[in-house]
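Beneath this line is the structure, given in structure tokens, with notes to follow.
The values are calculated or read from the model by the stated rules, or taken from the named source; none is laboratory data. These figures come from a predicted structure and were not determined experimentally. Here the Cβ is made from the backbone with ideal geometry for all residues, glycine too, and neighbour counts use every protein chain on show.
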């Protein structure tokens, strides 16, 4: 593989710091000047999205962008590097941040939530951490931002400040910090000490496959320390924090638990599989088979659990766990098309799932309903919301002409490339299960008659809630028709 | 200034005299005098550090009274030697001293009214003693300075609340036992080698091959035992929690970050400079087992910290656990472990300072440091809490605070020596610290009470009165030092490489194992 052209540019750092600047503005404006405060969030989000999108042409031309922040250890720098997969992830997160902000304004004001300044501040902070993960050039940098994200989302998860929030927050941090401090940190220092005579830079570009110098057992142990160490990826059995974290307000669930936090987890796993081990080492080490089995098991089991959930947000949470399994599975397949499909799925699933969460929140704002069984006939009162829900469901299931189809297609192709027929079977079964747990929601909403008369007063949620979900639903179509650009970014098309 | 190394000890000493004498005329001069003398001290320690960095042999030496060192074995006179390690530790001591001196204005007036001259006199003498420990190159002089620091420490603690007297008494007994062991060990050393100069002792050991000498072995055990008692290594920690808990605020802020850490420094000094690597690690079979003692120490201290319901007491047990970290880092015997230990001395001093300053402010504003008094404090004192949390994150070891980097080197060290028990213990105690601090954060941020119930109605109603949630920050003279300490925690983390480079230069001549497998 010939090395890509490296362009030095400060833009990745700007994308990282825009939320910080926004946060200062948010705190300065405070509760008393709410409109001004929301404006700062919008400015930060727009600046970030604009900067990230402006990097796209450079990446499409085959170059990578780098920015050196500071030297962590004498030979390990804190280095930002923008490459295709990272940029794709960053684009998704930053564009969806704008949509979520609009949605959050409608949601938080609609419910008269408290402490909105704190909410928006930490929201901005976690987006900064997400950019950091997307643009990290080595393992240590990614670890820094990963931990920053864990801590900065804690106040969001525990936003309600009651007993339930406390339990959810405890599970959340318990899982994430235990795995990152007890599994990830030893794995990192292992690589640091034992590779390259203690001069390991852990760089994603220069040091791909150096892990192959280790013995076979060590490699497998390392693989699993990394896979479970990034517990944000929600691989079973380290998944329970995700349903627990659903106590957060819906905009948080939507952005962080369908887009940023969990996607940071799988993105880190993808980085480890693709850029630390590298496809060549991974394909012949023997441990990746186990990772594929665990991911497949996660997909099937979580889909089965999702079937039995009546709480809509919980059902979506388990659906997310399953979809994350796809991404880990794709990364572990260790073929170009499999790993490319995994990255694509980050974007495709993000767009579909955020639509579903937005809808769940809009239903809650409009009617106070949380359970699937309560939704009878609500589709007639809220046609836009439930229509978007339908589109989101179809995208997550993976039907054309929606984005979800493309990524599943490449995942299946990747599996066939390595003659793993059983993976294709798993994908099919799980798609079927997706149909079973997602479509009944829309069907109940549209075709069942409402039970009580008082539901007749329900109408659509306020417009700031409805517009974003229509936009993201529309985005699911766009992703299908623009898939060429995305494929080019992940290197599946020249 | 070529003799700035002695001024590190002399400035606080003169300051102490000025406070005690001048304070008799006007008590108001004590605070400015001590801050000024600390400023001067920090300036000379920075100067000394840069002299050591720039010098070709990486050390600064000053012979008190001009006695010749040309004899063999060297040393009749007392030598002050600042190599990179000593100069770094001296800078930490004086830096912490300066921040605490700045902070002391309000608490000293409130807690020891009318005794300011005495208090500041002892305070400055304490710093003089601790800085001296870091700089002296003479084993007996080290004993004298340990006693200077200890005696002033007893005084500083005894000025606290009414149970402080009992705590001090306990500390005196254990402290004296520790010092006596050390003195006894030094006696053996002098008998066997004929010198008290630290480098001189090692030269004699190496020249005469005294590695198997029973007298030297006894000396080693006695010295080590004395130091372990002095540094509150579990199970010799009994004096520490009460002493730090009942001491006046300023005292605990000064002693907690420094006393135990300086004793770790003494241990590293004894192991590397006085006895030498070969003697300490390779000619005694039982040092192999010290990491297991460390395991017990860390686990017990961490569990005891979990049981506390009072911030200062909890922090005191955390210090005992941290002492275990550093002792372990030395005795796993490799390059990374020692870097970790030395760096942890520095970072632990910074983060403990940060936490104790925060606890002091909480005590000042809420009149209690019990967990129950913390509900919803974030709304009242956001800046204080941010400073306190930064210290907490550093203890947990979250990047980019300095605590992450020291833990990183310690874990790496454990891995290189394949001391899995030590590594697992570090992980365990990390998790305990996560629990400890997020439990505090729950109370401070979520305002839940002991049973986990929220007393309010939710949705921002925390069951607190308007007055409890009104913005009411600490006085600036306390807040600024806290934020200063918090930013030091972050800066030492971000620029850890600058510090670690100096430690590496210091450790280079000792040829410690680095255990690299893949060239």
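The table for this structure:
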| read-out | value |
| --- | --- |
| Breaking point among (1) within 12 Å of another protein chain (Cβ to nearest Cβ); (2) more than 24 Å from residue A:274 (Cβ to Cβ); (3) crowded, with 24+ Cβ neighbours inside 10 Å, for residue A:151 | (3) |
| Long-range neighbours under 6 Å by Cβ, at least six apart or interchain, first residue within 12 Å of another protein chain (Cβ to nearest Cβ) within the range A:205-216, second modelled with pLDDT under 80 and in a loop (DSSP other than H, G, I, E, B) | A:210/A:195; A:213/B:518 |
| Condition met for residue B:390 (touching a helix residue (DSSP H, G or I) at 6+ places or on another chain (Cβ under 9 Å) and under 25 Å from residue B:331 (Cβ atoms)) | no |
| Candidate set: the range A:469-494, residues that are under 14 Å from residue A:347 (Cα atoms) and part of a loop (DSSP other than H, G, I, E, B); chosen: the one farthest from the chain's Cα centre (by Cα) | A:482 |
| Residue list for the range B:476-506, filter: more than 14 Å from chain A (Cβ to nearest Cβ) and under 21 Å from residue B:335 (Cβ atoms) | B:506 |
| Unmet requirement for residue B:296, which otherwise passes all of (1) in contact with a helix residue (DSSP H, G or I) (Cβ under 7 Å, 6 or more places away or on another chain); (2) assigned to a helix (DSSP H, G or I) | (1) |
| Positions within the range A:155-164 being surrounded by fewer than 23 Cβ atoms within 10 Å (Cβ to Cβ) and more than 7 Å from chain B (Cβ to nearest Cβ), in sequence order | A:164 |
| Matching residues in the range B:92-113 - criterion: being within 15 Å of the chain's Cα centre (by Cα) and surrounded by 24 or more Cβ atoms within 10 Å (Cβ to Cβ) | B:92, B:93, B:94, B:96, B:97, B:99, B:100 |
| Residue in the range B:62-77 that is under 24 Å from the mean Cα position of the chain (by Cα) and surrounded by fewer than 24 Cβ atoms within 10 Å (Cβ to Cβ) present | no |
| Residue among A:299, A:333 that alone is modelled with pLDDT of 90 or more and surrounded by 24 or more Cβ atoms within 10 Å (Cβ to Cβ) | A:299 |
| Selection count where residues are outside any helix (DSSP H, G or I) and either touching a helix residue (DSSP H, G or I) at 6+ places or on another chain (Cβ under 6 Å) or exposed (fewer than 14 other Cβ atoms within 10 Å of the Cβ) (or both), scope the range A:419-434 | 1 |
| Answer from A:50, A:93 - the residue that is buried (at least 21 other Cβ atoms within 10 Å of the Cβ) and either in contact with a strand residue (DSSP E or B) (Cβ under 6 Å, 6 or more places away or on another chain) or under 26 Å from residue A:482 (Cα atoms) (or both) | A:93 |
| Options B:505, B:500, B:488; residue that is assigned to a helix (DSSP H, G or I) and either closer than 20 Å to residue B:101 by Cα or without any contact (Cβ under 8 Å) to a residue 12 or more places away in the chain (or both) | B:488 |
| Flag if residue B:271 is crowded, with 20+ Cβ neighbours inside 10 Å and outside any loop (DSSP other than H, G, I, E, B) | yes |
| Failed item, numbered, when residue B:308 is tested on (1) part of a helix (DSSP H, G or I); (2) surrounded by fewer than 23 Cβ atoms within 10 Å (Cβ to Cβ) | (1) |
| Options A:43, A:69, A:58; residue that is at negative phi, out of contact with any helix residue (DSSP H, G or I) (no Cβ under 6 Å at 6 or more places or on another chain) and within 14 Å of chain B (Cβ to nearest Cβ) | A:69 |
| Hey, residue A:175 in contact with a helix residue (DSSP H, G or I) (Cβ under 9 Å, 6 or more places away or on another chain), within 10 Å of another protein chain (Cβ to nearest Cβ) and more than 19 Å from residue A:282 (Cα to Cα) or not | no |
| Residue B:413 vs. criteria surrounded by 24 or more Cβ atoms within 10 Å (Cβ to Cβ), under 25 Å from the mean Cα position of the chain (by Cα) and within 20 Å of residue B:342 (Cβ to Cβ) | yes |
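Conditions (1) at pLDDT 90 or above; (2) touching a helix residue (DSSP H, G or I) at 6+ places or on another chain (Cβ under 6 Å), marked per residue:
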{"site": "B:154", "(1), (2)": "yes, yes"}
{"site": "B:176", "(1), (2)": "yes, no"}
{"site": "B:185", "(1), (2)": "yes, yes"}
{"site": "B:199", "(1), (2)": "no, no"}
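A quick yes/no check of all residues on (1) on the phi > 0 side of the Ramachandran plot; (2) over 23 Å from the mean Cα position of the chain (by Cα); (3) surrounded by fewer than 23 Cβ atoms within 10 Å (Cβ to Cβ):
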| position | (1), (2), (3) |
| --- | --- |
| B:366 | no, yes, yes |
| B:377 | no, yes, no |
| B:380 | no, yes, yes |
| B:388 | no, no, no |
| B:399 | no, no, no |
